[in-house]
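The values are calculated or read from the model by the stated rules, or taken from the named source; none is laboratory data. The shown structure was predicted, so the numbers you read here are calculated from the model rather than taken from an experiment. For neighbour counting, all protein chains shown are included, and Cβ atoms are generated from backbone atoms with ideal geometry for every residue, glycine included.
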Amino acid sequence: MNKFRPFISGTKSDDVPDCYNRVRYIRDACKILSDVYKTDKDFLNKSFDNEISKSFKDFRSSEVGKNYRSPYGSNGAPSILNRTIDELVQIHDFIDSKRKESLEQIKKIIEQAKDKQSNIRQTMTEVKENYEKAQRRLETADTNLKKFQTRSDRYQLANYDERSTELEDIRNECEQTRTLTRDIYVTEIYKIASEEHFITQNLFSQYLFEQNHFYNEICKHLSSRIPIIEQRLEDDDLTPSFHLDLIKHCSKRCDTIIAYPIEISIRLLENSLREEGLFRIAPAHNKQKKFVSELDLQLIERSSTLNELGYDPHVPANTLKQYLRGLPNCLLTSTLFEQWNQIPQLNNEQLRLERISQLLKQLPKIHYENLNYLVRFLTRVAEYSSENKMNAANLGICIGCSILYPKDQSSNTYTSGSMILELMINYY
């Protein structure tokens, strides 16, 4: 069972995408934080800590607060955001009488929360309205087509076939528009939902971190709570996969040390080895954005297929490159970057192969295993090069720069990465 599915609350339908309640929870939590005070004078004169505590206690008892639960446990335990809010309430109950003046930093966080809540509300409203409009247009087009095709005098109409074809084209166009707006709707919902970890960290947890500067008299108390919150964020299973350190991400996986985006992308491509231009042809941008959001939320099962998900092979292929290119520490590691970069300068292929073998032994185990998993698959892709037009050299050109780049990604290492990957594929 996919442990992330219980985020869905209520009956799932085409009109209520996965994670819809999760997005509402994030939005309303940001609103509670942004509404704590209205003016500087209000902030300085009222019992700020007591107000925070009361506001979040009320929020936890609200309909949204009760409905949103984490995927952990059969009945759903508190999520990372639920538990952080619990910490916030406990801390402010303790420090109610210890209020200090530190307005500017708090204002920044509250303004960010206000902006985030406003952006989420606006985005959700726009994409939902666009989808509902497209759905209504489709229903109208469908009704018009059926009405025309069943009218009693249809066989006497001189242009019946022409008019029927025209109405069918209109309906098909409306259906395509409805599908597109739904994809955008779902993508935006997933995108916002995937930000929960960072919103929790950058707004709610950061707010708690700022309290350590506000309340000198309770510094010891705050300092004892903050490490717990930090560790919970560090251990959080909902941390998005993209742009996260490879070792940190893989260390959280229970049954494999292969990165989730790498494993899922390659599994989806297992039956597409003959696809022409694999890793070279770019997919539809919206499709790739949606796929990235699904990977960040770990919504895709190992048994899923491209047909079930509605993607062509170029979506996971290019997303795999995007994931590799976004690693803070590249697959071949920044530590060994200079040494890898010297390989093309060696005089012959045998010397290059020997040097590659030496450097592979210096890679961290997780980097080595993920590289091995990738190259083994690319070797299979190259075996079908007569059909897919992607031999080892072409694969090296398309993917090499995604596995070897400097930490600041400021220089172009296209030649080094492509040559190294080509040799790995040829001599795997």
Working only within region 298-315, note down all residues that are assigned to a loop (DSSP other than H, G, I, E, B) and not small (Gly, Ala, Ser). Gln298, Leu299, Ile300, Glu301, Arg302, Thr305, Tyr311, Asp312, Pro313
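Given region 142-231, what helices (runs of 4 or more DSSP H) lie entirely inside it while holding 1 or more residues that are crowded, with 17+ Cβ neighbours inside 10 Å and of a type in the set (S, T, N, Q)?
Details: elements: 160-193, 196-199, 206-214.
Those helices (runs of 4 or more DSSP H) span 160-193, 206-214.
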Could you say which residue among Arg352, Arg380 is out of contact with any helix residue (DSSP H, G or I) (no Cβ under 7 Å at 6 or more places or on another chain) and outside any loop (DSSP other than H, G, I, E, B)? Arg380
Number of positions in region 265-305 that are of a type in the set (A, V, I, L, M), closer than 19 Å to Arg380 by Cα and either touching a Lys or Arg at 6+ places or on another chain (Cβ under 7 Å) or crowded, with 18+ Cβ neighbours inside 10 Å (or both): 5
State the number of residues belonging to region 333-349 that are touching a residue at least 60 places away in the same chain (Cβ under 8 Å) and either assigned to a loop (DSSP other than H, G, I, E, B) or not assigned by TED's automatic domain parsing to the domain that holds His285 (or both). 1
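Evaluate the following for Met424: is it assigned to a loop (DSSP other than H, G, I, E, B) and either within 20 Å of Ser265 (Cα to Cα) or of a type outside the set (D, E, K, R) (or both)? I'd like the intermediate steps shown before the answer.
Numbers: assigned to a loop (DSSP other than H, G, I, E, B): no; either within 20 Å of Ser265 (Cα to Cα) or of a type outside the set (D, E, K, R) (or both): yes.
When the stated conditions are applied, Met424 does not pass them.
Can you find a residue in region 316-332 that is at positive phi, surrounded by 19 or more Cβ atoms within 10 Å (Cβ to Cβ) and either modelled with pLDDT of 95 or more or part of a helix (DSSP H, G or I) (or both)? Step through it out loud before you land on a result.
We begin by selecting, within region 316-332, every residue at positive phi; these are none.
No: zero hits.
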